[in-house]
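What follows is a set of notes on a single structure, which appears directly below.
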Amino acid sequence: MQENDPTLSTLLQRARERKQINSNDRGKEYVLQNGVLYHQNGQVKQLVVPQAAREIVLTLGHSIPWAGHLGKHKTTARIKRHFYWPGLQSDIAQFCRSCSQCQKTSMKSPSKAPLQPLPVISIPFERLGMDIVGPVEKSKTGNRFMLVVTDYATKYPEVFPLKSVKAKTVAFSLVQFFSRVGFPCEILTDQGTNFMSKLLKQVYQLLGIKRVRTTPYHPQTDGLTERFNQTLKQMLRKFVNETGSDWDQWLPYLLFAYREVPQASTGFSPFELLYGHEVRGPLALLRDTWGGDQGREGTINVISYVVQMREKLQRMGELAQIHMMQAQKHQKTWYDKSARQRGFQPGQKVLVMLPTSDSKLLAKWQGPFKVQKKLGPTTYQVSTPGHQRSSWVLHVNLLKEWVSRAEVFLIQAVKEEEEADDQYLPLHWIWFTYILY
């Protein structure tokens, strides 16, 4: 087979002439032994593999259980102990990169796309974020879920404990919330069935609310609500009883604690941005008790108070907006340090991160699937036949390129070669390995 490989003809000729291939590669030469071409690299003698048999070597060196699907460096080290051919390292790198099992199970994530911040909102309750937390431990009152609503302007959160997440239950909680703060212009939610129901669509339509959907499994889209969810769960862990059955009783206290503290992004507490002044809490009560109630220095009429409060809220809102824009800019600069713009074309094959199991042993990437169309700077619609949904709208961070490998069944081709012999290609070992695999 070496004799019939045009890529080895020059090497064979020079080996016969016993000349070094490259004066810069001292100690590296090609030699013939019993009519077989070897690559002599110091003390290591490597059999030179012709093109027709290279995929066999790559498969045995990487893909079978006895090879373990290790990375390109370890695969290269293993193969170079026995074999060589021109372009060996690049072929191994491409073989490992296009390995379907390695692509689906790799823990290395593709580069994140640059951050796409939402426009800063300055009017309270103009844009809301909404999410469902749970199911959690069943409380004594039968609640198992939390409906979390956050305001993007003031960072003011509200939480409704729920027994179920049926659309009717969610809609009733929203009616209670809207009765206190008015109707928002838009609500940012994920693509959960309770938020995508026909009932809620009708509620949004009747109240003139624009529904903004986030991409699934990408919490950065609604970062405000996701961050609050994590904070709330951390706070609850520190107060609930051993069974967690009293979690809903702690919500009023913990919500007060969160609303009272200034936010780094605005410079004010949610209470201040909503009411125009600090609310009276435990520390203020203690100060008044120890220092004596000083009372108010003077009184003003209602109209003057309203005018002053409006001016104060306007100034605070402007300052908060400046703070949020600065914080957003800083966050984007920090996030984009490790980000890289990536894109896909319609029809291109990709792997998709769709969690289906908590098992650490199962593949996390699924596919390959085809990109149907690009919906935005970082959003794609991907066809997913065979799944619960025929297609998904996904953020680019949940996609990675599928590297195809040419389907060449070289083992069959070698079997048909009349010149191939058992000494050069141990086909019985290859066949035995594939039976086990």
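Has region 345-367 got any residue that is surrounded by fewer than 14 Cβ atoms within 10 Å (Cβ to Cβ), modelled with pLDDT of 65 or more, out of contact with any Cys (no Cβ under 8 Å at 6 or more places or on another chain) and aliphatic (A, V, I, L, M)?
Scanning region 345-367 turns up no residue that is surrounded by fewer than 14 Cβ atoms within 10 Å (Cβ to Cβ), modelled with pLDDT of 65 or more, out of contact with any Cys (no Cβ under 8 Å at 6 or more places or on another chain) and aliphatic (A, V, I, L, M).
Give me the pairs: first residue in region 44-60 and of a type in the set (Ser, Thr, Tyr), second residue part of a helix (DSSP H, G or I) and crowded, with 18+ Cβ neighbours inside 10 Å, beta-carbon distance under 9 Å, and six or more apart or on different chains, which are they?
Thr59/Phe95
From the list Pro184, Pro216, Pro161, Pro157, pick out the single residue that is crowded, with 16+ Cβ neighbours inside 10 Å and modelled with pLDDT under 90.
On the way: Pro184 fails: modelled with pLDDT under 90; Pro161 fails: modelled with pLDDT under 90; Pro157 fails: modelled with pLDDT under 90.
Within the list Pro184, Pro216, Pro161, Pro157, the selection yields Pro216.
For region 64-113, enumerate the residues that are in contact with a Leu (Cβ under 7 Å, 6 or more places away or on another chain) and small (Gly, Ala, Ser).
If the condition is that a residue be in contact with a Leu (Cβ under 7 Å, 6 or more places away or on another chain) and small (Gly, Ala, Ser), then Ala67 is the only one that fits.
Taking region 219-265 as the search range and keeping residues that are closer than 27 Å to Ser139 by Cα, polar (S, T, N, Q) and crowded, with 18+ Cβ neighbours inside 10 Å, which one is modelled with the highest pLDDT? It would help to see each step written out before you state the result.
Taking region 219-265 and keeping what is closer than 27 Å to Ser139 by Cα, we get 219, 224-260.
Keeping just the survivors that are polar (S, T, N, Q) gives 225, 229-231, 234, 241, 243, 245, 249.
Adding the requirement that they be crowded, with 18+ Cβ neighbours inside 10 Å leaves 225, 229.
Details: Thr225: 86, Asn229: 91.
Here the answer is Asn229.
Within the set of pairs 6+ apart or on separate chains, which have a first residue in region 225-241 that is within 16 Å of Ala264 (Cα to Cα), a second that is part of a helix (DSSP H, G or I) and among the hydroxyl-bearing types (Ser, Thr, Tyr), and C-beta atoms under 7 Å apart?
From region 225-241, the pairs are Thr231/Tyr258.
Name every residue in region 129-186 that is among the polar types (S, T, N, Q) and over 22 Å from Asp246 (Cα atoms), in order of residue number.
Thr150, Thr154, Gln176, Ser179
Mind checking which pairs have a first residue in region 127-145 that is closer than 12 Å to Ser164 by Cα and a second that is at pLDDT below 95 and among the small types (Gly, Ala, Ser), Cβ under 8 Å, 6 or more apart or different chains?
Ile132/Gly192; Val136/Gly244; Lys138/Ser245; Arg144/Gly134; Arg144/Ser164; Phe145/Gly134; Phe145/Ser164
Being crowded, with 19+ Cβ neighbours inside 10 Å and at positive phi is the filter here, so list the residues in region 121-138 that pass it.
Scanning region 121-138 gives a single hit, Phe125.
Quick check, is Leu285 modelled with pLDDT of 85 or more and hydrophobic (A, V, I, L, M, F, W, C)?
Answer is no for this residue.
Being modelled with pLDDT of 90 or more and either in a loop (DSSP other than H, G, I, E, B) or of a type in the set (Phe, Trp, Tyr) (or both) is the filter here, so list the residues in region 88-123 that pass it.
Phe95, Ser98, Cys99 - these are the residues of region 88-123 that are modelled with pLDDT of 90 or more and either in a loop (DSSP other than H, G, I, E, B) or of a type in the set (Phe, Trp, Tyr) (or both).
The values are calculated or read from the model by the stated rules, or taken from the named source; none is laboratory data. Everything numeric in this text was worked out from a predicted model, so none of it was measured. Glycine gets a Cβ as well: all are built from the backbone with ideal geometry, and neighbour counts include every protein chain shown.
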